[in-house]
Each structure stands twice: as structure tokens, then as C-alpha cells.
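The values are calculated or read from the model by the stated rules, or taken from the named source; none is laboratory data. Everything numeric here is computed off the predicted structure, so don't read it as measured data. A quick note on method: Cβ atoms are made from the backbone with ideal geometry, for glycine too, and the neighbour counts reach across all protein chains shown.
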Amino acid sequence: MGKQVISTPVVRRLPRYYRFLGELECEHIERISSKELAQRMGLSASQIRQDFNCFGGFGQQGYGYHVGELRTIIGEILGVDAHTPMILIGAGNLGRALAAHLDFEKHGCELIGIFDSNPELAGTQAAWLTVQPMHTLVGFCRTHQPQAAVLCIPKDGAQKLCDQLIHLGIRAFWNFSHYDLRINNPDIIVENVHLGDSLMTLAYCMHHSE
């Protein structure tokens, strides 16, 4: 029997489950029903049960879910303890903000290097790391073997850099370049992030609300 394919909507809900369960732990809540969890998250109880059944189901009839155990299981599914080595390209305002304020290790990755093509930024500090010039990228990747990359660069050079990084062993991209990367290799994972799209969605909802 082949491996079950989990739909993208289910996968995108997993981090929300993990986050809400963490909040429940902080409130010292040890167990919760699918109905109670659904009320907190704005979902239906049946949706939550269907999502969890994709991974075998975790609740007990008449008991609900043990919050700590469920969060641990979802964390394992998400790979939050994987510490995947990751590099960041682009030490501008966005890149520095991500490096400084996002807890990469808490979210399954370990930021091990930051690079920028601007010679004036080389040698400066971004969070706890020193920004390195782009000409050191090849040697760094061969030595430290990062598996993922954050792209905070102009869209004009995104595809070319992506192709180069794939040859250097990068297998996943968190892409903020405002350009949707085109990768024909099914083994390469791309998460294209457009903050402006989210803002325009909000603007639409405000404009068309009653």
C-alpha cells in the first residue's frame, strides 16, 4: 500500500493545532474535546477529527485529547525537533527582521548562515550571525551542507539563485522574493510567501464587508 497523501489544507492547519495546543498547555489545561478545541480555533469538531484521522487519530472516546501528548505528536509530524540547517540570503530589513525575531529552532530549523551581495553589509551582525559575502556561499554550502534556504532578495535574481542553490544541495525554499519560483523537480519544496497578498485579502474583506 502506498504512502497516504495528506492534502495541503490539512498540512496548513497542523501548525495552528500545534500553536493552540501550546497555548492550552500554558493555561495548564491537560485535556480537551474536539468540540472545545473547535470553538477555540473557529473550526468544526468534525473537521478536527477528520484532520487527525489522516494521521491515525489521537483521541479517546469519552476522554477527548490529552493536550501535551497531542502537541508532541503533531510536533513530531511537523518536524519541529528536526533542526534542519538553513541559510538566509538577503540581509536587508526583512532578512534581518526574520533572523532577529523568528525562533527558527522552535519551528524545526537551525539558521546557520546569512549572506548578502552588498559588500557594505558583509561583516555586519544580523541577530547572532555575521553576514557573509555571496562569493563565500559555495564553499559554505559544501562545508556545512544546509538543506533549506530563506530568500529575501529582489525577484530579478531569485530563479537563478534558486537553481544554483539546488546544485549546492538545498532542497527547500522559504521564498520572500515576490517571485513564484518554478521548480520542475518534485523533490524540491517551495513555500512562496507574498505578504502583500495577505494584506490585499484583508483589504478586500474590509471593502466588501457589510
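Observations on the model:
- Gly56, sole failed condition from (1) in contact with a strand residue (DSSP E or B) (Cβ under 8 Å, 6 or more places away or on another chain); (2) loosely packed, with under 13 Cβ neighbours inside 10 Å; (3) not β-branched (Val, Ile, Thr): (1)
Residues checked against (1) surrounded by 14 or more Cβ atoms within 10 Å (Cβ to Cβ); (2) over 15 Å from Tyr65 (Cβ atoms):
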residue	(1), (2)
Pro9	no, yes
Tyr17	yes, no
Phe20	yes, no
Glu23	no, no
Leu43	yes, no
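- Among (1) under 17 Å from Pro85 (Cα atoms); (2) surrounded by 14 or more Cβ atoms within 10 Å (Cβ to Cβ) - the single one His194 does not satisfy: (1)
- You will find that of Ala97, Ala158, Ala127, the residue that is in contact with a Lys or Arg (Cβ under 8 Å, 6 or more places away or on another chain) and among the small types (Gly, Ala, Ser) is Ala127 and no other.
- Test: residue in segment 147-163 that is without any contact (Cβ under 8 Å) to a residue 12 or more places away in the chain, over 22 Å from the mean Cα position of the chain (by Cα) and part of a loop (DSSP other than H, G, I, E, B): no
- Qualifying residue in segment 191-199 (condition: in contact with a Lys or Arg (Cβ under 8 Å, 6 or more places away or on another chain) and either among the hydrophobic types (A, V, I, L, M, F, W, C) or modelled with pLDDT of 95 or more (or both)): no
- If you go through segment 59-78 and keep only what is in a loop (DSSP other than H, G, I, E, B) and surrounded by fewer than 16 Cβ atoms within 10 Å (Cβ to Cβ), you end up with Gln61, Gly62, Tyr63.
- Filter result (closer than 20 Å to Ala91 by Cα and not in a helix (DSSP H, G or I)) within segment 191-210: Glu191, Asn192, Val193, His194
- Single unsatisfied condition, Val131 versus (1) closer than 17 Å to Cys109 by Cα; (2) assigned to a strand (DSSP E or B); (3) touching a residue at least 24 places away in the same chain (Cβ under 8 Å): (1)
- Residue ID - surrounded by the most Cβ atoms within 10 Å (Cβ to Cβ), chosen from residues in segment 25-41 that are over 25 Å from the mean Cα position of the chain (by Cα) and among the hydrophobic types (A, V, I, L, M, F, W, C): Ile32
- Within segment 15-49, the only residue that satisfies the criterion of being without any contact (Cβ under 8 Å) to a residue 24 or more places away in the chain, charged (D, E, K, R) and part of a loop (DSSP other than H, G, I, E, B) is Glu27.
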